[in-house]
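K.L.:
The structure that follows is given in the form of structure tokens.
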Amino acid sequence: MITDDPGTPGDGKFEINLAIAFEHRPGETSFDAPAIDINYGVGDRIQLTLQGGPVVLKRSDHGAIGGLGGTEAAVKWRFVDDHRTGLTMSVFPRVIFNISQSAARRGLADDGTRFQLPIQIEKAFPDFDLDFEWGTVVSTVGPAEWLYGVVIEKDVSKTMSVMAELHGSSRTNFSDDVLAVNFGIRRYLSEHCVFIGSLGHEVRSPEARALVGYAGIQFRF
């Protein structure tokens, strides 16, 4: 899902996500092919993250173009882990930048460098888990923003869970807000392999509303 949770891989362990993600607007479709998300655990409560990959962009007025999209480097620290109450909390500062100087000009990534400082909260209930994320986004280009999200996840079997999400962003004066509704599944294929898929749509946006999707495999070792 778009909203992050406080979970970390565990000391000395990897979680690597390889996926195809897309965003479609009228006259324009972009694919992360593949989206690469590498997470490594340092101790039981810290996660190092590196995320990026190639992007393919197809617009109705020209052929497909491709190249390296934005790159994200981040550190997550879970500072509350209360098994008695089922409450966990983390902070996940990250920086998103462009290795390719032409990526923004060609429409493959956002312009400038962005800094995010979100906090994640998860509460486990008897029948479902509830995740909440909120934070700030500061960019070297353009105004500052808020980001927020909430996810409810319910197990439907021993190996599969379903999720529903609201995720949004807005300027700090709450203008130009974007809100998306997203639905997903998580299916455990084995101890070390998990399928994750989602499909969503923006229900509010100052621009043309986007259809977004994600399908990938998470490897754990």
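K.L.:
Could you check which residue among G168, G66, G27 shows the biggest mean-square fluctuation in a GNM of the chain with a 10 Å Cα cutoff?
P.N.:
G27
K.L.:
Oh, and also: What number results when the radius of gyration of the stretch 54-113, computed over Cα atoms, is divided by 2.2 N^0.38 Å?
P.N.:
Taking N as the residue count of the stretch 54-113, the ratio is 1.73.
K.L.:
Can you give me the solvent accessible area of K123 with a 1.4 Å probe, rounded to the nearest 10 Å²?
P.N.:
We get 60 Å² for K123.
K.L.:
Compute, for the chain, the length of the dipole vector about the Cα centre, with Cβ point charges of +1 (Lys, Arg) and -1 (Asp, Glu) only. Units Debye, rounded to 20.
P.N.:
340 debye
K.L.:
Restricting the calculation to Cα positions, tell me the Rg (one decimal) and the Dmax (whole number) of the stretch 117-156 in Å.
P.N.:
Values for the stretch 117-156 (Cα only, Rg and Dmax): 14.0, 44 Å.
K.L.:
I would also like to ask the following. Along the three principal axes, how long is the chain when you take its alpha carbons, biggest first, rounded to the nearest angstrom?
P.N.:
Per principal axis, max minus min of the Cα coordinates gives 55, 39, 33 Å.
K.L.:
Give the accessible area for R204 in Å² (nearest 10); use a 1.4 Å probe, count only protein heavy atoms, and leave out ligands, DNA and RNA.
P.N.:
100 Å²
K.L.:
How much length is gained on full extension from A73 to A164, taking 0.36 nm per residue of separation minus their Cα-Cα distance?
P.N.:
Residue separation times 0.36 nm, minus the Cα-Cα distance, leaves 30.1 nm.
K.L.:
Shifting gears a bit: Based on the Cα gyration tensor of the stretch 1-88, what are the three equivalent ellipsoid semi-axes, each the root of five times an eigenvalue, rounded to whole Å and given largest first?
P.N.:
That gives 34, 14, 9 Å for the three semi-axes.
K.L.:
Can you pull the one-decimal nm distance between simple spin-label points at L18 and F125, each 7 Å off the Cα toward Cβ?
P.N.:
Simple spin-label model gives 3.7 nm for this pair.
K.L.:
Let me ask something else. Looking at the chain as a GNM with Cα springs under 10 Å, which of V95, V156, V42 has the largest mean-square fluctuation?
P.N.:
V156
K.L.:
For the stretch 102-221, build the charge dipole from Cβ charges (+1 Lys, Arg; -1 Asp, Glu) around the Cα centre, then report which of G168, F221, F132 sits farthest towards its positive end.
P.N.:
The one lying farthest along the dipole's positive direction is F221.
K.L.:
Return one quarter of the surface area of the convex hull spanned by the alpha-carbon atoms of the stretch 177-218, equal to its mean projected area, in nm².
P.N.:
3.1 nm²
K.L.:
Return a whole-number percent for the relative contact order of the chain, with Cα pairs under 8 Å and 6 or more residues apart as the contact set.
P.N.:
17 percent.
K.L.:
Over the chain, with a Gaussian network built from C-alpha contacts below 10 Å, which listed residue (G70, G107, G52) shows the highest mean-square fluctuation?
P.N.:
Maximum fluctuation in the GNM of the chain, among the listed residues, is at G107.
K.L.:
Starting from a Cα-only point model with no solvent, please compute log10 I(q)/I(0) by Debye for the stretch 137-217 at q = 0.14, 0.23 1/Å.
P.N.:
-0.59, -1.04
K.L.:
Please compute the modelled spin-label separation between E191 and A33, points set 7 Å along Cα→Cβ, answer in nm with one decimal.
P.N.:
In this crude label model, A33 to E191 measures out at 3.6 nm.
K.L.:
Apply the Karplus parameterisation 6.51 cos²θ - 1.76 cosθ + 1.60, with θ equal to phi minus 60°, to every residue of the stretch 114-126 and state each ³J(HN,Hα) to the nearest whole Hz, in sequence, with x for glycine and proline.
P.N.:
10, 10, 10, 9, x, 10, 10, 10, 10, 10, 8, 10, x
K.L.:
State the extension gain, in nm to one decimal, for the chain segment bounded by R204 and T113, taking 0.36 nm per residue of separation less the distance between their alpha-carbons.
P.N.:
So the chain would gain 30.2 nm between R204 and T113.
The values are calculated or read from the model by the stated rules, or taken from the named source; none is laboratory data. No experiment lies behind these values; they were computed from the predicted model shown. When we count neighbours, we look across all protein chains shown, and the Cβ atoms used for this are built from the backbone with ideal geometry, even at glycine. Only protein heavy atoms, including side chains, enter the accessible area calculation; ligands, DNA and RNA are left aside. Shrake-Rupley method; radii C 1.70, N 1.55, O 1.52, S 1.80 Å.
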